[in-house]
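Step one of this worksheet: look at the structure below.
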Amino acid sequence: MSARSGRHFLQIPGPTNVPDRVLRAIAQPTIDHRGPDFAELTLDLLVRTKPVFGTSGPVIIYPSSGTGAWEAALVNTLSPGDRVLAFETGHFASLWRDMAERLGLIVEFVPGDWRRGAEPAALAERLAADTAHGIAAVMVVHNETSTGVASRIPEIRAAIDEADHPALLLVDTISSLGSIDYRHDDWGVDVTVGCSQKGLMLPPGLSFNAISEKALAAAATARLPKSYWDWTAILDTNEHGFYPYTPATNLLYGLREALLLLEEEGLPNVFARHNRHAAATRAAVRGWGLEVLCVNEREYSSSLTAVLLGEQHDADKVRRIILDRFDMSLGTGLGKLAGRVFRIGHLGDFNDLMLAGTLSGVQMGLELAGVDIDPAGTQAALEVLRTA
Ligand SMILES: *Cc1c(COP(=O)(O)O)cnc(C)c1O
């Protein structure tokens with residue numbers, strides 16, 4: 001690999017660019033995780049993480065990737081043979097479904113075309129038919145990172161309430177947390193799954209479960225086997241600022257700094273910034289004459305945009321050219337979208353000129369790859385940035 005000047009553009013939808021302040025916070029000496037300084041750090045963090053989830057309840061922090069927090073949400077609340085309902089919104093929803101099946105749950109997977117979010121009407125229909133209340137949980141990916149579609153969680157909640165159904169609501173916010181408005185308490189979510197390397201602007205290695213009282217009550221009788229993920233020991237030791245095993249100390253320093261950054265900007269401003277960058281990106285895509293994968297304007301993701309290319313083009317070739325020529329990484333097409341889409345991440349530590357640079361690189365890459373586009377695309381995005 002030859003040396004390259006300037007910064008690499010890491011425009012995949014996670015891991016995202018880590019702010020210098022967070023990197024510096026991580027680069028401190030590791031401390032005794034059973035000592036008083038550590039307890040102070042943890043007790044502070046356990047309070048500071050709550051607003052990001054929109055909760056006043058407990059938030060568990062795991063030293064793991066997001067997949068671990070998926071598993072934790074299931075094994076702490078459910079029992080072998082329990083029926084759960086999930087929606088085929090894309091690659092990540094499919095992976096979470098696979099995990100649930102491997103753990104011994106019976107999953108009803110509502111089919112989807114990977115261009116829309118979880119459909120509240122389809123949920124209402126299934127819950128109405130479940131008069132015996134056999135469905136123990138509803139699993140939804142809030143922001144489907146493989147497609148750039150954000151499901152409407154309040155409407156999902158309303159469907160459960162209208163059916164007067166006792167199912168738990170488990171939501172994956174891995175690529176929306178800290179980027180797109182989300183409210184664990186107000187939206188009646190029972191377990192919210194999050195992780196560090198997307199909107200929270202940290203390196204990979206931390207994951208989260210925000211837990212409702214109803215989920216805690218379910219945990220008391222849930223019988224799926226668990227050990228590392230067991231909430232009980234973690235909640236007990238957290239009381240005094242500790243963990244039952246060695247936490248990711250230096251990432252926790254980074255988490256504190258990242259939460260400070262979000263507090264300083266203000267969450268409503270953070271969400272508005274992401275909405276604006278997403279709108280500008282869609283203006284570019286349409287201006288180029290290309291298609292945004294998400295088909296429902298009420299479900300556009302503000303953290304990433306998936307761009308659909310015609311059958312004759314290989315989206316990975318476009319990505320390769322952009323990486324080689326302009327030192328920028330874009331997200332690949334996942335699962336059945338491989339080769340058909342590329343994904344532009346516009347989340348986390350990001351600003352107008354970073355987006356302008358990103359879209360310029362995408363435009364040049366498309367032209368170099370021989371995709372017939374209208375060069376007015378990037379200009380259309382700049383108009384949005386200048387005026388909005
Ligand atoms: C990234 C992602 C995951 C997987 O997280 P890992 O940290 O790779 O385990 C799960 N769900 C969504 C929506 C994601 O974006």
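Side notes on the structure shown:
- Relative contact order of segment 319-361, pairs being alpha-carbon contacts under 8 Å that are 6 or more residues apart, as %: 32
- The gain in end-to-end length when the Ala356 to Asp113 segment is fully stretched comes to 84.4 nm, 0.36 nm per residue minus the alpha carbon separation.
- Working note: Debye formula, equal point scatterers on the alpha-carbon atoms of segment 229-318, no solvent; log10 I(q)/I(0) at q = 0.16, 0.17, 0.24 Å⁻¹ is -0.83, -0.86, -1.16.
- Ligands, DNA and RNA aside, Leu251 has an accessible area near 30 Å² when probed at 1.4 Å.
- Crossing angle, helix 376-387 versus the chain [Cα axis fit, 0-90 degrees, rounded to tens]: 60
- Per-q log10 I(q)/I(0), the chain, q = 0.10, 0.15 Å⁻¹ (Debye; single scatterer per alpha-carbon; no solvent): -0.65, -1.33
- Ile12, Ile344, ranked by accessible area, largest first (probe 1.4 Å): Ile12, Ile344
- Added length on full extension, which subtracts the Cα-Cα distance from 0.36 nm per residue, Asp372 to Arg4: 129.6 nm
- The order of Leu123, Leu267 by accessible area, most exposed first and with a 1.4 Å probe, is Leu267, Leu123.
- Amide H contacts of Ser175 (H built 1.01 Å from N, in plane; Pro and chain starts excluded): Asn143 sit under 5 Å, all sequence-distant by 5 or more or on other chains.
- Spin-label pair Ala217/Ala122, simplified geometry with 7 Å Cα→Cβ offset, distance in nm: 3.0
- The residues of the chain present an accessible area of 40 Å² per residue when probed at 1.4 Å with all protein chains retained.
- Glu383 paired with Met99, simple spin-label distance in nm, labels 7 Å along Cα-to-beta-carbon: 4.3
- Reported to the nearest whole Å, the Cα centre-to-centre distance from segment 104-161 to segment 14-39 is 37.
- Computed in the context of the full set of protein chains, the accessible area of the chain at 1.4 Å probe radius has 53% of its extent on carbon or sulfur.
- Within segment 229-256: backbone nitrogen closer than 12 Å to the Gln28 label point (7 Å, Cα to C-beta): 249-256
- Remark: segment 353-363, residue by residue, has Karplus-estimated 3J(HN,Hα) of 6, 5, 5, 4, x, 4, 5, 4, x, 5, 4 Hz, where x stands for each Gly or Pro and the curve is 6.51 cos²θ - 1.76 cosθ + 1.60 at θ = phi - 60°.
- Accessible surface for His240 stands near 130 Å², nearest 10, in the context of the full protein assembly shown (1.4 Å probe).
- Normalised by the number of residues in the chain, the mean separation of alpha-carbon contacts (under 8 Å, six or more apart) gives a relative contact order of 23 percent.
The values are calculated or read from the model by the stated rules, or taken from the named source; none is laboratory data. Computed from a predicted model, the values in this text were never measured in an experiment. Please note: Cβ atoms are built from the backbone with ideal geometry, for glycine as well, and neighbour counts cover all protein chains shown. Remember, those area values only see protein heavy atoms, side chains included, never the ligands or the DNA or RNA. Shrake-Rupley method; radii C 1.70, N 1.55, O 1.52, S 1.80 Å.
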